[in-house]
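Participant: The following block contains the structure, expressed as structure tokens.
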Amino acid sequence: MKKRGLAALLCAVLAATTIAGCSSATGNSASTEKGVSSAGKKAMEVGGDNVTTLNVWTFIELHQDFYVAMAEKWNEAHPDKKVKLVLSNMPYDDMHNKLSLALESGEGAPDIVDIELGKFPAYMVGKIGLMELNDVIAPYKDNIVKSRLDIYSKDGKEYGLPTHVGTTVAFYNEKLLNDAGINYKDIKTWDQFKEAGVKYHEATGKYFACVETSAQWMVNLMLAQKGGDYIDKDGKLNIASKEMEEVLEYIKGMQETGAFATIPGGQPDNEEAYPFYNSGDYAVQIMPFWQTSRFVNYMTDIKKQVAIAPVPVFSESDGEVATIGGGGTGTAIIKSGKNAQLAAEVMAFIKLSEESNKEVWNVLGFDPVNTAVWNDTSLTQNPDNKFIQYFTNYPFDTLIKTKDSIGILQAYTDEKYPSINNEFCNVTLNSIFEDGMDVKEALLQSQQTLDNEFKEK
């Protein structure tokens with residue numbers, strides 16, 4: 001399945017799309033929030049006097065409706081601080097380019113803007129035009145997953161409000177595995193995952209899980225579990241590291257069993273891939289939690305067959321990082337805005353409060369960043385919730401198990417990451433898993449490509 005051309009397109013779109021959860025071509029940064037991005041404008045209708053108008057830019061159409069609904073709740077609770085949101089939805093690249101120009105010129109910027117995870121590091125260089133948000137985050141901070149604040153931070157200063165955690169989990173087609181004599185609950189390590197895959201393939205002739213070529217969800221997860229990264233402790237590019245080589249060799253070994261294979265679209269979160277899961281040609285996905293929305297919307301034939309579980313680890317005695325967050329969109333406030341402080345207070349409520357985080361789950365199917373709601377069984381076990389109705393177990397049971405072990409790759413906050421992501425999605429992974437290139441050779445080649453790129457900048 002030669003998909004290099006498709007992979008290039010995916011990296012452009014994925015890194016620019018996805019609200020159903022925030023996915024990225026980075027296998028972690030493509031915003032699951034990039035997907036719905038038709039241009040459009042929406043304004044709230046707010047009555048009364050002393051209403052402050054705040055202009056909002058986003059590239060995710062679904063965010064508009066969510067922001068309006070939560071801003072209405074803000075207005076009800078704060079009649080002396082009413083706001084009217086005027087929201088502009090633009091294509092992913094157009095919005096980020098327009099924002100860069102506005103910040104550089106000092107003219108035309110909005111009050112509030114959604115910035116995709118993969119783009120965020122670019123706004124942390126030089127004179128930062130975004131407002132520090134530590135003070136408005138503080139009232140909620142004890143319950144917010146720390147790693148999701150860290151990805152939008154620099155030097156201890158927080159500049160972005162996260163939308164979800166994007167906890168990487170395992171989605172097992174429980175029915176298919178049971179039919180093959182496999183109990184997904186017995187899978188704790190990657191070796192057990194690989195062995196289950198071989199057993200499944202021998203019993204069914206079908207694939208257990210995919211090998212990614214246009215995203216790095218499983219790659220980044222394994223890399224973090226091994227304590228590796230794309231950069232070293234001094235911030236220097238280090239993609240040909242021992243840990244990265246071990247991860248890709250391990251995945252290549254999985255592929256060589258015949259139980260794991262590349263998939264049309266290059267990864268599970270792709271319209272070309274959904275039918276292969278829906279038909280049972282592949283049984284397992286290792287994906288961020290927001291993939292729940294994709295199952296509900298695009299894989300309807302396997303409703304009540306899929307269970308959510310913690311991801312495998314290399315050793316059950318591994319360190320603190322068992323999983324990582326994938327994808328994301330940080331909402332930022334323009335520092336020079338006339339009403340920046342009010343905008344920050346409103347958006348902190350919309351993105352971080354318990355009230356809003358309940359709706360993040362109810363409406364969007366994302367794992368809320370405010371963990372205070374994770375133990376609210378009226379929310380997490382609500383029989384009327386469409387996500388609860390779809391899966392064979394309660395999704396939040398898995399989140400609670402992983403709550404204290406959600407890590408981060410430091411590269412996510414580095415300005416080099418968009419280029420790293422692009423190289424892996426377009427070249428490195430395809431060279432290894434499609435063309436059969438030696439892992440070390442492919443990594444050294446990509447390291448050289450990126451070193452040359454950064455020298456020219």
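The values are calculated or read from the model by the stated rules, or taken from the named source; none is laboratory data. Not measured: the values here are computed from a predicted model. When we count neighbours, we look across all protein chains shown, and the Cβ atoms used for this are built from the backbone with ideal geometry, even at glycine. Only protein heavy atoms, including side chains, enter the accessible area calculation; ligands, DNA and RNA are left aside. Shrake-Rupley method; radii C 1.70, N 1.55, O 1.52, S 1.80 Å.
Participant: Show the residues, 5+ positions off or on another chain, whose built amide H is closer than 5 Å to the amide H of Gly407.
Facilitator: Ala322, Thr323, Ile324, Gly325
Participant: Give me the percent of DSSP beta bridges within the chain that run antiparallel, rounded to the nearest 5.
Facilitator: Roughly 60 percent of the DSSP beta bridges within the chain come out antiparallel.
Participant: How large a share of the accessible area of the range 82-173, in percent, is made up of carbon and sulfur atoms when the probe is 1.4 Å and the other protein chains stay in place?
Facilitator: Ligands and nucleic acids excluded, carbon and sulfur reach 47 percent.
Participant: Still on this model: What aspartates and glutamates could a cross-link reach from Lys233, if we take a straight Cα to Cα line under 20 Å and drop same-chain neighbours fewer than 8 places away?
Facilitator: Asp150, Asp155, Glu243, Glu245, Glu246, Glu320, Asp414, Glu415, Asp451
Participant: Between Ser100 and Glu415, with labels modelled 7 Å along Cα→Cβ, what's the label distance in nm to one decimal, could you check?
Facilitator: The two pseudo-label positions are separated by 1.1 nm.
Participant: Would you compute, from DSSP H runs of 4+ residues alone, the mean residue ellipticity of the chain at 222 nm, taking -39500 (n - 2.57) per run and dividing by the full residue count, rounded to the nearest 500?
Facilitator: -11000 deg cm²/dmol
Participant: Taking a threshold of 30 Å on the Cα-Cα distance, which of the pairs Lys141/Lys401; Lys84/Lys416; Lys41/Lys154; Lys42/Lys335; Lys146/Lys440 fall above it?
Facilitator: From the list (Lys141/Lys401; Lys84/Lys416; Lys41/Lys154; Lys42/Lys335; Lys146/Lys440), the Cα-Cα distance tops 30 Å for Lys84/Lys416; Lys41/Lys154; Lys146/Lys440.
Participant: Could you list, in their original order, any pairs among Lys82/Lys351; Lys303/Lys386; Lys242/Lys455 whose Cα atoms are separated by more than 21 Å?
Facilitator: With Cα atoms farther than 21 Å apart: Lys242/Lys455.
Participant: Given a 1.4 angstrom probe, I'd like the percentage of the accessible area of the range 188-262 that is carbon and sulfur, rounded to a whole number.
Facilitator: 43
Participant: If you don't mind, there's one more thing I want to ask. Quick one: accessible area per residue over the chain, 1.4 Å probe, rounded to a whole number of Å²?
Facilitator: Computed with neighbouring chains in place, this is 38 Å² per residue.
Participant: A further question follows. Based on the Cβ-Cβ distance from Lys403 to Asp234, what FRET efficiency comes out when R0 is 25 Å, to the nearest 0.05?
Facilitator: Computed FRET efficiency for Lys403 and Asp234: 0.20.
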